[in-house]
Amino acid sequence: IEADHLCECIVIPFQFQQLVQNLISNSLKFSKPDVTPHIQIKSRIAKGIELAHPVLEPSKDYCHITFQDNGIGFDPEFNEQVFGLFQRLHGKTEYPGTGIGLAICKKIIENHNGIITASGNPGIGATFNIYIPDLNHK
């Protein structure tokens, strides 16, 4: 796990710990056989206009956190579906789990008035982008 300089933002500690744990756990679960898992966590404070996401307010500051891995990835057509409750892209025997981890992540970010997005590429990996309004910078 590689994490460069991480910015500070106001979060609910217990929930954010659960979020990070769920995202790292997913990256490890969906790693490629015989390939060392590599997870990169990056963050920065940026204006909504710089982040080029249509839901973000252009003049507002956001803490943008990225979780990127080199796992099995997923087809881009499932970018939204991965956050659904009990949604699974693989069979239970292939990858065990309840199918609620990413739904919990989405709820945690919504509790922080933010948004989370996912993008995947089969065989290349997955990226999760989190945007939380930054209450430290006005």
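The values are calculated or read from the model by the stated rules, or taken from the named source; none is laboratory data. Everything quoted here is computed from the prediction, not taken from an experiment. Glycine gets a Cβ as well: all are built from the backbone with ideal geometry, and neighbour counts include every protein chain shown. We work out accessible area using only protein heavy atoms, side chains counted, and drop any ligands, DNA or RNA first. Shrake-Rupley method; radii C 1.70, N 1.55, O 1.52, S 1.80 Å.
Of note:
- Scanning region 27-39 for any residue that is of a type outside the set (Phe, Trp, Tyr), surrounded by 16 or more Cβ atoms within 10 Å (Cβ to Cβ), assigned to a strand (DSSP E or B) and touching a strand residue (DSSP E or B) at 6+ places or on another chain (Cβ under 9 Å) turns up at least one such residue.
- Of the residues making up region 113-138, those that are under 14 Å from the mean Cα position of the chain (by Cα) and either β-branched (Val, Ile, Thr) or over 14 Å from ALA46 (Cα atoms) (or both) are ILE115, ILE116, THR117, ALA118, SER119, GLY120, GLY125, ALA126, THR127, PHE128, ILE130, ILE132.
- Selection status of GLU2, open to solvent by 80 Å² or more (accessible area, probe 1.4 Å) and over 17 Å from ASP134 (Cα atoms): yes
- Test: GLU94 is modelled with pLDDT of 65 or more and open to solvent by 50 Å² or more (accessible area, probe 1.4 Å): no
- Residue in region 49-65 that is in a loop (DSSP other than H, G, I, E, B), polar (S, T, N, Q) and at pLDDT 75 or above present: yes
- Of all residues in region 21-52, those satisfying the criterion of being touching a residue at least 40 places away in the same chain (Cβ under 8 Å) and closer than 18 Å to LYS106 by Cα are ASN22, LEU23, ILE24, SER25, ASN26, SER27, ILE41.
- Residue list for region 5-15, filter: within 15 Å of PRO133 (Cα to Cα) and either without any contact (Cβ under 8 Å) to a residue 24 or more places away in the chain or open to solvent by less than 40 Å² (accessible area, probe 1.4 Å) (or both): CYS7, CYS9
- Cβ pairs under 7 Å, 6+ apart, first in region 118-138 and under 15 Å from ILE65 (Cβ atoms), second of a type in the set (Lys, Arg) and at pLDDT 90 or above: PRO133/LYS60
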